[in-house]
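Okay, structure first, notes after.
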Amino acid sequence: MSNVVLVPGAGVRGSLRKSFERQAGEQILRLRPKARITTIAWSDELGARLLGGGESIPEFRGSIAAHLETPNTQDHGMLRVWSMLDIDPLAELKARYSPVDPGSAASETTEIGDVAARLEQSAEVHACLKKLHLEPSFSAAMTVARSYDAYFATAHTPTPHTGALARALTAAIIKANDATLGGLTAVDGAHRRELEGAIAHTITTDHRQVPTALSLTDWLLQLATDWLARYRAQLTRFAAPYFGDFTMYLSRGAAIRKLIKDHIDTLPAGPTSIVAHSLGAVACLDLLLSADLAPVQEFISAGSPAGLLFELNALPSLPYTPGFHPPAGFPRVSNVYDPRDLLASRNASFFGPTSRDYPVDTEAPFPRNHGAYFGHQPFYELLDQLLPH
């Protein structure tokens, strides 16, 4: 029986780590039903934390944090639109529709409560939510969505276009799940479109396309300052565990490496593969390069910055060495990266002849794409080719 060790990335702890473990574990068990799958929860035990409660972060409790409660902004291009919707599910609706006075006749033509009721009764929507592990967040998302009515109608457009409304509701569901997990849900563009399509099919038979005549440049110019303030606030919320883990690892990473080594050294006999994400992949590669790890047959990294750290001469285990040859027993290294993932790098030219890079397109915006590998079906199709049988 083979061992598959999952090593999550920076900041992946608590509910987010459990979601990663479930999502990746279920897919790998489908590929290798007899595999023993274990997870090293290193960030839960040793990850960085704001020990002073965030006192070092400017305005963490002030105007920027308060600004999160009054979102507004938009951008252009579908990935850019989703970058905005990730922050504010109402962004596109706010750009395309003027809010309606609750007492006006137009306001009575579209009731989000009716839309929510249709979604709650839709088998198609619930099947999609179950597939994406988003069912627990649906009710919370619909509660938030009920405040959207003011943007759903104008005197000239009594009902919203299907696409804009479906994207707003899809974004609300994903954002509610982010709040439940305490991190970013691993969902790629294909699965996001699947949910968006199920919602669009359920809420209306009016499949008009959203017009593109509106000046998208004007959206950005008018609201850029507010968007940047909101974006900084959201990054502040999420950055401490992610970038805190990175900085702590690069300065005091020995304890993390020891935790990983101890786990792998005590595994039952059998071929061992590591599937590691982000900083977890860096720590595992450090151990492999130092020949300080029990035999590993396959090392698969996703969203790893190891190649960049090596080229910057910042990889703890090894100074930059042109033409480096890995030690005896070094496993095959397969590195998966999304070119739009700003935290991922290529590795193949650095870590020996058995090292290969595999680009994928998760169709998710950054930073969501950094975790979307594990919600991306082509990633598991690639694992099926790489994991030993």
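A probe of 1.4 angstrom, applied to the heavy atoms of all protein chains, finds Cys128 with accessible area near 10 square angstrom.
At full extension, Arg80 and His325 could sit 84.1 nm farther apart than now, given 0.36 nm per residue minus the alpha carbon distance. Only protein heavy atoms count here; under a 1.4 Å probe, His325 has an accessible surface of about 150 Å².
Around the amide H of Ile37, modelled in the peptide plane, lie the amide H atoms of Val4, all under 5 Å away and 5 or more residues distant in sequence or on another chain.
Exceeding 29 Å between C-alpha atoms, which entries from my cross-link table qualify? They are Lys130/Lys261; Lys18/Lys175; Lys34/Lys130; Lys34/Lys261. As for pairs spanning more than 29 Å Cα to Cα, those are Lys130/Lys261. Largest to smallest in accessible area, the residues Glu363, Glu124 fall in the order Glu124, Glu363 (1.4 Å probe, all protein chains included). A straight chain from Ala190 to Arg252 at 0.36 nm per residue would run longer than the Cα-Cα distance by 18.5 nm. Largest accessible area first, the listed residues Met84, Met78 line up as Met78, Met84 when surface is computed with a 1.4 Å probe on the assembled protein chains. Taking all protein chains together, Lys34, Lys258 sort by accessible area into Lys34, Lys258, largest first [probe 1.4 Å]. Within the full protein context, the accessible area of Thr266 is estimated at about 110 Å² for a probe radius of 1.4 Å.
The values are calculated or read from the model by the stated rules, or taken from the named source; none is laboratory data. Quick caveat: nothing in here was measured; it's all calculated off a predicted structure. Note: accessible area is taken over every heavy atom of the protein model, side chains too, but ligands, DNA and RNA are not part of it. Shrake-Rupley method; radii C 1.70, N 1.55, O 1.52, S 1.80 Å.
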